[in-house]
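The values are calculated or read from the model by the stated rules, or taken from the named source; none is laboratory data. The structure displayed is predicted, hence computed values, not measured ones. Cβ placement follows ideal geometry from the backbone for every residue including glycine, while neighbour counts extend to all protein chains displayed.
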Amino acid sequence: MITLTEGAEKQVSKLLENRGKVSKGIRIGVTTKGCSGLSYSLEFVDDIQNSDEKVSFRDFTLFIDPKATFFLIGTQIDYVEDELQSGFKFSNPNEKGRCGCGESFHI
Amino acid sequence: MSLMQITEPNKKTNHVDDHTAIGIDFGTTNCVCTFFKNGVYNIITDEYKKKLIPSVVAFRGDNFFVGNQVLLNKDIPKENYIFSIKRHLTRDQSKKIIKISNDIILSPLEVSSIIFEYIKKLINEDLKEKTNKCVITVPAYFDELSRVAVKKAAINTGFDVLRLINEPTAAALAYGLEKKVKGNYFVYDLGGGTFDISLLKLSDGIFKVLRTGGNVNLGGDDIDLAIAKNICKKLLNTEFEQLTSKQKAELIMSSKKSKENYNNDHSSNLKIDFFENVNEIQVSNELIEESANDIIDTTIRISKSVLNESELNLSKIDGFILVGGSTKLDYLKKRLKESFEVKFFSDINPEIIVAQGAASHAHALLNGSENLLLDVTPLSLGIETAGGLMEKIIDRNSTIPITKEQEFTTFENGQTAIKINILQGEREICKYNRSLGEFVLSGIEPKPAGIPRIKVRFSVDSDGILDVSAYDENSGKKHIIEVQPVKQLNSNEVIEMIKDSVNNSKMDLEERSVLEAVIEGQRCLNELNYLNDEIITLCSKEEQKKIFVAIGDLKLKIKEKKKYEIKKLIDKLNLLTQNFAQKRIENSIGSGLVGQDLDNL
Amino acid sequence: MKKNSISCWNCGNNVKNFFFCEHCKKIQKPIEHDPFQLFSLPYEFNIDIEKLEADFFNLQHKLHPDKFINANENEKLFSGIHSGNLNQSYHLLVDPISRAGILLKILINYDLKEKTVNDKILLFEIMELEEEKENLQQKKDALIFYKKIMGLIDDEIKTINNKFKEENYLEAAKIHTKLTYLKKIKNDFKKVEIEL
């Protein structure tokens, strides 16, 4: 239901390693924010919530907030790095529009 | 598009609404809780709609009462009141010293927690919004252990303490923000039980404390007590000490009332129904002035020494901001005006200004702000070094946060552990300062004395709380310790420390120079002892004899603590061993060269 | 260059800025530096104190732990260290005597703490001043003495400034030693004055 590019997977592993404490994995959530209503959030996981969807990768587990699964089906996460910025990029086939600030989307 | 970063869990990402955090002025006599929302200050009131919550706790059976529940309840006998608990937080924080009944004995920390518990209940009822986030104010002159105690008492009741800030700094913040003043200001804060004086530089949104001084055991309560004692002596012809505890409590309450009446009348009539044959006495203003003089004199002396130590003179001071309930006494203002010819400001209620500052800082912390608050640490911090001397690592009046490292070494050959005693105070000799805790750094590789390099790192955070760690630079061994009270000191000694350090600085210097000579001598002996065998192999009989005679002399003079002789003998030994040192170097190069190919060199 | 190979703890990109990552804007792990580097100042004795203060406040505005209450543990830790470094460096630079000491350490690796002073003329001069201080009896004399010490300090600071300009560091070191003594007399004197 969700895919990570090789670069994204590598970067997540690296960040987990550098975090300075043992993590259970990372979690994708959706929060209400931004000018288009909804926004992704990416967090380290310390406490597992049983209702979360789990997707296993080679080095870590990805948890997905059940509220977010609906929006995330088919999403690909990539890690991009250029001279100006770096971070995770979500490409979502379900998205109908993106807001100007790039922070949020609606379906 | 914007890219996502992975963040720590629970981090709030939306900031649409202001988050509410409470400013709590946890005073010796009264507590005030304020929050800042939509641009205005709101004071939390208790069930009697009162803004000042008396810091009083009382027990009846298994029930406890707090604040006005106690004072407005005639059924609770006055001798059961526990008041001024904050004073006890400066010593014996966790010792069970407050006896409630045969079954219940509490520590000052626990009694403080009861007050915080009550405050928390009031906040939840008043605010209709759940928040446990707060900023608590403490006297600027509070030492390390007292700060930790206040924080603990609040955390124990479920508060999330965002920051501890100093009371005068909070007052300056509230005053500066509201009146938009700039310049150098003294904040003179005389509360019920503590006195602080801070010198601040205020400029656009910047509040920088330059210096601070005070006494954690001096306040309006002492004026009340002095009035009560004078009433006994002059009007009742008796000794205060001979009264029963009930009479004492009643008389102190009456004295407080007479002090509050001072501003209105030339004298006040006090009803005294607890003393045999006396119904009413007349307390004159002169008696109140006379009783207050000692305390006021002390505060003036402390204020002058803070000014003296700063690089500023009175003409560079823009004014005094008066804070604390006790500054409402007109006589005190009159005395201050006589001593300092500058402007005085008390146009924000001195009883709530501290809580206002705390509330606006709490709001700034949670929601961001353009203001910057830079405070200082009130007392020097350091460690005990060989011979019982205090090595200061962080000087008092250093801006916090601050981290400093100092290198220490071993004193004996082959020493593998060092005990580090952490001290707070201004005196040169350890035993006169307060010990905050001790820890042992073990596992140092055995080396000759003076070779290992032990780094001790002192960090004072923005709450004024200390963290000490030490590591061996060679082995990388690291110890992080939490400073815990080991020795309980009478808190009066906290103020005595500075006073003493002034009076005794000369004596200390002399004592110190003797101790240093002894240490130097001992180090010299240790070194020679370590090289004993080599001296015998490398030196001529005649040289050996001279060296060993001098060593004998040095041992004797160290015992006698003769500073000058010790120094002379060290110089003599240095001279006598010069030849030996030369030989030793040649020898070691020689033995290093033997059997080596030229190519390998 | 080694300095350029530092990567951000958060996004992994290379960081050139001292305090914040240019990419993800996160506060960075503090690296070793001297007070001059921290404030991007050249190794010169004469500095603009007003500008230094303004820079100090500006940086504290961004780095003080009060600005990181909602941040993660890493950021809180870094902010505490950066802010502490700023406090310490600022106060070391503001005082001309400690500033001179740092410069000498950086420029010619001269550390007064590791030296024994054997300049007899200087020691004699200092001893005389100490004696004068010990014998102060009246407040009026104390004030005159204090002004004298302050005057001496001001003169020597002017001289040391010139020596630094001429790059005569050994001479500057000598004056720095004298200034250190004078400062100690000044500080001790403050204690004496409280007693008088």
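See the values below:
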| read-out | value |
| --- | --- |
| Failed condition for B:K208, given (1) more than 30 Å from B:E370 (Cα to Cα); (2) within 14 Å of chain C (Cβ to nearest Cβ); (3) not aliphatic (A, V, I, L, M) | (1) |
| First in the stretch B:62-90 and without any contact (Cβ under 8 Å) to a residue 24 or more places away in the chain and surrounded by fewer than 19 Cβ atoms within 10 Å (Cβ to Cβ), second anywhere and in a loop (DSSP other than H, G, I, E, B) and not β-branched (V, I, T), Cβ under 6 Å, 6 or more apart | B:N68/B:D46; B:N68/B:Y48; B:N68/B:K50 |
| Count of residues meeting criterion [among the β-branched types (V, I, T) and surrounded by fewer than 12 Cβ atoms within 10 Å (Cβ to Cβ)] in the stretch B:550-586 | 1 |
| Residue among B:L525, B:L538 that alone is touching a residue at least 12 places away in the same chain (Cβ under 8 Å), within 21 Å of B:G388 (Cα to Cα) and of a type outside the set (S, T, Y) | B:L525 |
| Close pairs (7 angstrom Cβ cut-off, 6 or more residues apart or separate chains): assigned by TED's automatic domain parsing to the domain that holds B:A171 in the stretch B:35-49, among the acidic types (D, E) anywhere | B:K37/B:D18; B:I44/B:D126; B:T45/B:D126 |
| Residues of the stretch B:183-211 that turn out to be out of contact with any helix residue (DSSP H, G or I) (no Cβ under 7 Å at 6 or more places or on another chain) and not hydrophobic (A, V, I, L, M, F, W, C), as a count | 7 |
| Odd one out for B:I393 among (1) outside any loop (DSSP other than H, G, I, E, B); (2) within 14 Å of chain C (Cβ to nearest Cβ); (3) more than 17 Å from B:D467 (Cβ to Cβ) | (3) |
| Failed condition for C:S98, given (1) in contact (Cβ under 8 Å) with a residue 12 or more places away in the chain; (2) surrounded by 17 or more Cβ atoms within 10 Å (Cβ to Cβ) | (1) |
| Strands (runs of 3 or more DSSP E) wholly inside chain A containing at least 3 residues that are modelled with pLDDT under 85 and within 12 Å of chain B (Cβ to nearest Cβ) | A:25-32, A:38-45, A:75-81, A:86-91 |
| Wholly enclosed strands (runs of 3 or more DSSP E) of the stretch B:396-454 bearing at least 3 residues away from chain C (no Cβ under 14 Å) | B:418-424, B:434-441 |
| Meets criteria (closer than 30 Å to C:K174 by Cβ and either without any contact (Cβ under 8 Å) to a residue 60 or more places away in the chain or within 12 Å of chain B (Cβ to nearest Cβ) (or both)) for C:L123 | yes |
| Selection count where residues are in contact with a Lys or Arg (Cβ under 8 Å, 6 or more places away or on another chain) and within 17 Å of C:V94 (Cβ to Cβ), scope the stretch C:151-167 | 1 |
| Residues being part of a strand (DSSP E or B) and more than 27 Å from B:K95 (Cα to Cα) - total across the stretch B:118-146 | 1 |
| Residue ranges of helices (runs of 4 or more DSSP H) in the stretch C:43-115 with at least 1 members in contact with a strand residue (DSSP E or B) (Cβ under 6 Å, 6 or more places away or on another chain) and within 9 Å of another protein chain (Cβ to nearest Cβ) | C:49-63, C:73-94 |
| Subset of the stretch C:140-196 [in contact with an Asp or Glu (Cβ under 8 Å, 6 or more places away or on another chain), modelled with pLDDT of 90 or more and not charged (D, E, K, R)] | C:F164, C:I175, C:T177, C:L179, C:L182 |
| Tabulated pairs, the stretch B:123-146, first assigned by TED's automatic domain parsing to the domain that holds B:S459, second of a type in the set (V, I, T) and not in a strand (DSSP E or B), C-beta under 9 angstrom, 6+ apart or interchain | none |
| Residue count, the stretch B:299-345 (criterion: of a type in the set (K, R) and either in contact with a Pro (Cβ under 6 Å, 6 or more places away or on another chain) or within 14 Å of chain C (Cβ to nearest Cβ) (or both)) | 2 |
| Selection within the stretch B:297-327 - part of a helix (DSSP H, G or I) and touching a strand residue (DSSP E or B) at 6+ places or on another chain (Cβ under 9 Å) | B:T298, B:T299, B:I302, B:S303, B:S305, B:V306, B:L307, B:E309, B:K316, B:G325, B:S326, B:T327 |
| Residue within the stretch B:350-365 that is within 10 Å of chain C (Cβ to nearest Cβ) and surrounded by fewer than 19 Cβ atoms within 10 Å (Cβ to Cβ) present | no |
| Checking B:E511 against (1) modelled with pLDDT under 80; (2) over 50 Å from the mean Cα position of the chain (by Cα), the condition it does not meet | (2) |
| Residues located in the stretch C:10-33, provided they are surrounded by 16 or more Cβ atoms within 10 Å (Cβ to Cβ), away from chain A (no Cβ under 14 Å) and not hydrophobic (A, V, I, L, M, F, W, C) | C:P30 |
| Hey, B:K95 at pLDDT below 80, surrounded by fewer than 18 Cβ atoms within 10 Å (Cβ to Cβ) and part of a loop (DSSP other than H, G, I, E, B) or not | yes |
| Where B:A355 falls short, out of the listed (1) over 20 Å from C:G84 (Cα atoms); (2) in contact with a Leu (Cβ under 9 Å, 6 or more places away or on another chain); (3) not in a loop (DSSP other than H, G, I, E, B) | (2) |
| Some residue of the stretch B:328-343 being hydrophobic (A, V, I, L, M, F, W, C), outside any helix (DSSP H, G or I), within 29 Å of B:S55 (Cα to Cα) and assigned by TED's automatic domain parsing to the domain that holds B:L162 | yes |
